[in-house]
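Student: Here it is, the structure, as structure tokens.
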Amino acid sequence: MALLGRVIFLRSTARPPALAIARGSSGQPDRKNSPVIVPVELNNFQGGLSASWELDVFGGTRRRVQAATADATAAEENHRDVLVILLGDVGRVYAQLRGFQRRLEIANKNINTQQDTLI
């Protein structure tokens, strides 16, 4: 917060850039050598373009790019492996559940048959 206050203070006390131009007046002997300073506001626009490159003499950059691509491919394949394992587990558990439901139905039928036999 103190930094923000300092920035605001510095912006409020800053003056716009000015250019002093000295001008002499002719025809009046008492102001002959007295310069007049006139502030002039300038807008300075600069632009530039910079480009650089690195020579890949021994193929280090190319190998790093290939390694990064291989890492990304490996991560994608690991994701697919996890999905296959998950779907396999879901299928196995579903089959077990259906098996238990079928056993429960058979057990209930046996109970009903035995109760009918006793009566």
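Student: Please give the direction-averaged projected area of the C-alpha convex hull for the range 56-113, in square nanometres with one decimal.
Tutor: Over all viewing directions, the range 56-113 projects a mean Cα-hull area of 3.7 nm².
Student: Further question on the same structure: Return the carbon/sulfur percentage of the accessible area of the range 50-119, one whole number, probe 1.4 Å, all protein chains in place.
Tutor: Heavy-atom surface of the range 50-119 belonging to carbon and sulfur, 1.4 Å probe: 61 percent.
The values are calculated or read from the model by the stated rules, or taken from the named source; none is laboratory data. Nothing here was measured: the structure is a model prediction, and the numbers come from that model. For accessibility, only protein heavy atoms count, side chains too; no ligands or nucleic acids. Shrake-Rupley method; radii C 1.70, N 1.55, O 1.52, S 1.80 Å.
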